[in-house]
Each structure stands twice: as C-alpha cells, then as structure tokens.
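The values are calculated or read from the model by the stated rules, or taken from the named source; none is laboratory data. Quick caveat, the model's predicted, so the values are computed rather than measured. Counting neighbours? That spans all protein chains shown, and the Cβs are built from the backbone with ideal geometry, glycine included.
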Amino acid sequence: MNIILLGPPGAGKGTQARKLVEERDMVQLSTGDMLRAARTSGTEMGKRVAAVMDRGELVTDEIVIGLIREQLESNGSAGGYIFDGFPRTLAQADALGELLRDMGENLDHVIEMQVDDQALVARITARSTCGSCGEVFNDITKPIPADGKCSKCGGSDFQRRADDNEESLRTRLLAYYKQTSPLIGYYHAKGDLVSVDGLGGMDEVADSIAKALA
Ligand code: ADP
Ligand code: ZN
C-alpha cells in the first residue's frame, strides 16, 4: 500500500508517518527530512536549498523529484511507501504518478489532514526535535522529559528548526494554500482522497487514519 499524507505545515504528517512505519512496516519518504539531511551533510545541493527552506519557500520541483526518484530506486518496500511532504505541487503529483506507474505500483490513498491555521502556529512555535532519532516534542502537548533525555533514544541534543519561526511559517502557509492545496481537488477528482480531522490527540488522529486505510 502506498499513501500520501497531505496537509499544511504542522498538521502532524511526520508524527503520523512515524507511527505507520512502526506499526505497518512501511517506509517513510519525507522530502523535508531528505533536504535537511542534505544541508547537514553539506552537499552542494544542501547549500543551494538552505536559504530557500529557511525563508519557508518551496525548493524546485526538479530537486525534490530527483530525491524521491533516488529513494524509490534504491529502497525496496514490501509494506509500501508513505509520502510525507511530497508532492507539494501539481508537477510533483504528476511526476509521482509516473514514477509509481513505471515501478508497476499504485497510489492507494491520499490522506488529507485538516488543522486550522491558529492551531498550526501554536504547534509549530512549540516544536522541537531530538537531534539523534528525530522524535518530535512539543512544549505544551508532549514536553521533553524532566530529566532532559529523549524518551525514545536517551539523546539530549534537542533542536528547533530554523524555519519554525512566525515569519517563515507565514510564508510556508501561503505556499501551502497557493501551491499545495490544489492537490486536494486533484486527488479528490481521481477518487483517492480521504480527509481526516487532524486536531485531536496523536492517537485519535492515528485511529482516523487507520479507518481511512481499512
Ligand atoms: P513542514 O513541517 O513545513 O511540512 P517539511 O519538513 O516537510 O516541513 O519541509 C520543510 C521545507 O523543505 C519546506 O518549507 C520546503 O522549503 C522544503 N520542501 C520539503 N518538501 C518539499 C517539496 N516536496 N517541494 C518543495 N519544497 C519542499
Ligand atoms: Zn531521540
């Protein structure tokens, strides 16, 4: 089963993708994570996209489609793929359709996670990530444990993303409404879309997604 998690920044796509990986043996393909890894490792491409990402704008279709193509070619996935943060434009959606078709694969479901803007801003400005394992924490709903150690891996290096500030968040939201939200209509027309309420707790949202996939 191959699925897309679609939704604005802060909707919880990464959190739910990680849960699906644990529970269903699926492979998570997050273009945001790939781009951040490219930055950290200092590749030419990583350097080129850094400023764009920090402003909250979209990286070119060519770069992200290339990243996804590479992953699909090198990673087998018996349990299927979860596309997280990709596609974000209609051109990316078309490219994904072609890549899957060439592999003899289908897109099974597109899950739209709905969260209102106010909640997104609150979530994102409270967010931090474990630098060792990627576990996501939130000052309000899921604080870093009192002993200062990651509940998952015991690491103690927590990071806030450079683009998790109000200004680039505004740009990211605008990019979402302008460039990504048209995909909702696109996948609805193809009959692949299911919308879930992303406002509840982590487990509640996971239940809604499980129902949508059943
Ligand atoms: P968010 O939490 O905003 O959904 P991501 O981690 O998915 O963030 O992405 C962070 C940034 O990486 C985006 O703001 C954008 O600059 C870039 N990016 C990630 N995926 C894509 C994509 N599919 N197309 C273009 N840019 C992307
Ligand atoms: Zn950790």
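Things worth noting here:
- Conditions (1) within 16 Å of ligand 1 (Cβ to nearest atom); (2) of a type in the set (S, T, N, Q); (3) out of contact with any strand residue (DSSP E or B) (no Cβ under 7 Å at 6 or more places or on another chain); (4) touching a residue at least 24 places away in the same chain (Cβ under 8 Å); number of the one not met by Gln159: (3)
- Exclusive hit being in contact with a Ser or Thr (Cβ under 7 Å, 6 or more places away or on another chain), of a type outside the set (A, V, I, L, M), surrounded by fewer than 16 Cβ atoms within 10 Å (Cβ to Cβ) and in contact (Cβ under 8 Å) with a residue 40 or more places away in the chain, set Asp197, Asp164: Asp197
- Any hit, the stretch 43-65, residues being within 28 Å of Leu213 (Cα to Cα), over 17 Å from the mean Cα position of the chain (by Cα) and at pLDDT 95 or above: no
- In the stretch 103-130, the residues that are part of a loop (DSSP other than H, G, I, E, B) and more than 15 Å from ligand 1 (Cβ to nearest atom): Met103, Gly104, Glu105, Asn106, Leu107, Asp108, Asp116
- Residue within the stretch 143-152 that is more than 12 Å from ligand 1 (Cβ to nearest atom), of a type in the set (Ser, Thr, Tyr) and without any contact (Cβ under 8 Å) to a residue 24 or more places away in the chain present: yes
- The stretch 135-155, subset surrounded by fewer than 17 Cβ atoms within 10 Å (Cβ to Cβ) and near ligand 2 (Cβ under 9 Å from one of its atoms), residue nearest to the chain's Cα centre (by Cα): Lys152
- Qualifying position, being buried (at least 16 other Cβ atoms within 10 Å of the Cβ) and either within 16 Å of ligand 2 (Cβ to nearest atom) or of a type in the set (Gly, Ala, Ser) (or both), among Ala51, Ala78, Ala11: Ala11
- Conditions (1) away from ligand 2 (no atom under 16 Å from the Cβ); (2) more than 24 Å from Asp61 (Cβ to Cβ); (3) among the charged types (D, E, K, R): number failed by Arg170: (2)
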